[in-house]
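Following: one structure in structure tokens, then a few remarks.
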Amino acid sequence: MEQYANRHSTVEFDPMCDKENPQKISFEDVSAASFRIQSGITKTPCVKSHMSSKYGMDIYLKNDFLQHTGSFKDRGARNALLLLSPENKVRGVISASLGNHSQALSYHANQLNIPVSVVMPNVAPIMKIQNCRSYGANVIIHGHNMKEAKFHAMSMAKEKGLTYINGYDHPHIMAGQGTVGLEILEQVPDVDAVLVPVGGGGLVAGVATAIKHLQPHVLIYGVETEKCPSMKMAIKNEEPFSVDIRSTLADGLAVPTVGYNAFRTVKTLIDQMITVNEDWIARAILHLVEQEKYVVEGGGAVGVAAILAGLVPELAGKKVVCILSGGNIDTTILGRCLERGLAAEQRLVKFKVTVSDRPGGIAELCKLIASIGVSIKDIMQERAWVYGDIFSVRVKVVCETRGPEHLEQLHDIITSTYKEWYFARECDESDRRPSTYSIDDVSH
């Protein structure tokens, strides 16, 4: 009892997210949330994807990035705010978040005239900080990471009598997120499988609760980045398990430990967990921009990434819905993602080659590249670190191709013409096939 009392007296204890007594949401919670929030959220479209015929399945995209603040978080935030007691609505709410939850909470609290404070670490994107302020929130920049920001937010909640709202594990948040599932069943009534992005687990818990209650045969696949497989590890260990966070394009899914309420709710409902790597996430972002004309953040694109990577072959011929959960991606990060996607598809290529430094040497290289329709994007010369022939120059070329076959054509023409060369991402020595030797320097 003493340990129990000490645990409950700590600043970090959240009575709505108690790991010793996790709460499981019900279909009735989700159904009630749907009615409660309908006047304040967007019923987003679920449209058939252009990639359906290519991948042999009917793919539908649930465009929840079209919510007012750019993500599905609007649903849970509004539901949690509407369920506050009159006294707590007057006192106000507080939360800690790097982005989507803080924006959703700020916007809907402002709409409902509820005072709101959000604590964001100093690594939070400037755009998201400004958005929260524009929605009328009291934004507090504190700490170097989310752990420090959350501790400060909970300290303030205790000190000022504010209600702390967890962004993914609060039961009212999860019930609100589950309304996505109800809309999917209404829009694609004969759906066979739903691919759900997984970070803290609130979205998949809500969606699975709604869909499995109404149509138990529908498959629920959770998809997360391999850089933070927190749900996969939780299922393996049969309880939430902390994993190390590594830098990822799906930053919105980088939650080291899934929610205790979310895990209890979803552990018997989820059919499969899938992890995808960074290259496929980048390719999914690129595909959605090029083919669907959607700008989606990395965390929102993981379902599409799983399909592109061929990780769900058993769904061939079936109707599959991918939830595009968010579109709040910084412009600079979007540019990097698109370039990385092009590189992953071998449409953006980098190679080094040593050519003659006599007049016309580089011009001859450019002419050779142009002769097969490859477009040069960037070219840089390096003389000081070329060993051997003093009349040689090493040239680094970044160019654009039509894909793997076009790259192979470029590879063949360069390797048959020059003695020293290196194509980026060719790590197997046996694959370089130089006339004499390859450049060993692989610095970028």
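The values are calculated or read from the model by the stated rules, or taken from the named source; none is laboratory data. Please read these numbers as outputs of a predicted model, since none were measured by experiment. Reconstructed Cβ throughout: ideal geometry from the backbone, glycine too, with neighbour counts over all protein chains shown. What goes into the accessible areas is simple: the full protein's heavy atoms, side chains included, and nothing from ligands, DNA or RNA. Shrake-Rupley method; radii C 1.70, N 1.55, O 1.52, S 1.80 Å.
Taking region 1-46 as the range and being at pLDDT 95 or above, of a type in the set (A, V, I, L, M, F, W, C) and either touching a Ser or Thr at 6+ places or on another chain (Cβ under 7 Å) or open to solvent by less than 50 Å² (accessible area, probe 1.4 Å) (or both) as the test, the residues that pass are I25, F27, V30, A32, A33, I37, I41, C46. Looking at G299, G303, G317, G252, just one residue is small (G, A, S), more than 14 Å from the chain's Cα centre (by Cα) and either under 23 Å from V188 (Cα atoms) or outside any strand (DSSP E or B) (or both), and that residue is G317. Could you list, in sequence order, the residues of region 80-100 that are in a helix (DSSP H, G or I), open to solvent by 10 Å² or more (accessible area, probe 1.4 Å) and not polar (S, T, N, Q)? Listed by number, the residues that qualify are L82, P86, E87, K89, V90, R91. Of everything listed in (1) more than 22 Å from A104 (Cα to Cα); (2) modelled with pLDDT of 95 or more, the single unmet condition for S242 is (2). Summed over region 196-220, the residues that are surrounded by fewer than 24 Cβ atoms within 10 Å (Cβ to Cβ) and out of contact with any Phe, Trp or Tyr (no Cβ under 9 Å at 6 or more places or on another chain) give a count of 6. Filtered by the rule that a residue be among the polar types (S, T, N, Q), without any contact (Cβ under 8 Å) to a residue 40 or more places away in the chain and assigned to a strand (DSSP E or B), region 102-140 gives a lone residue, N138. The set of residues in region 47-77 that are without any contact (Cβ under 8 Å) to a residue 24 or more places away in the chain and open to solvent by less than 60 Å² (accessible area, probe 1.4 Å) comprises V47, S52. When A124, A109, A149 are screened for being at pLDDT below 95 and either touching a His at 6+ places or on another chain (Cβ under 6 Å) or farther than 19 Å from D251 by Cα (or both), only A149 passes.
Annotation note: Cβ proximity below 8 Å between a residue of region 143-160 that is outside any helix (DSSP H, G or I) and a residue that is at pLDDT 90 or above (sequence gap 6+ or interchain) occurs for G143/V119; G143/F151; G143/H152.
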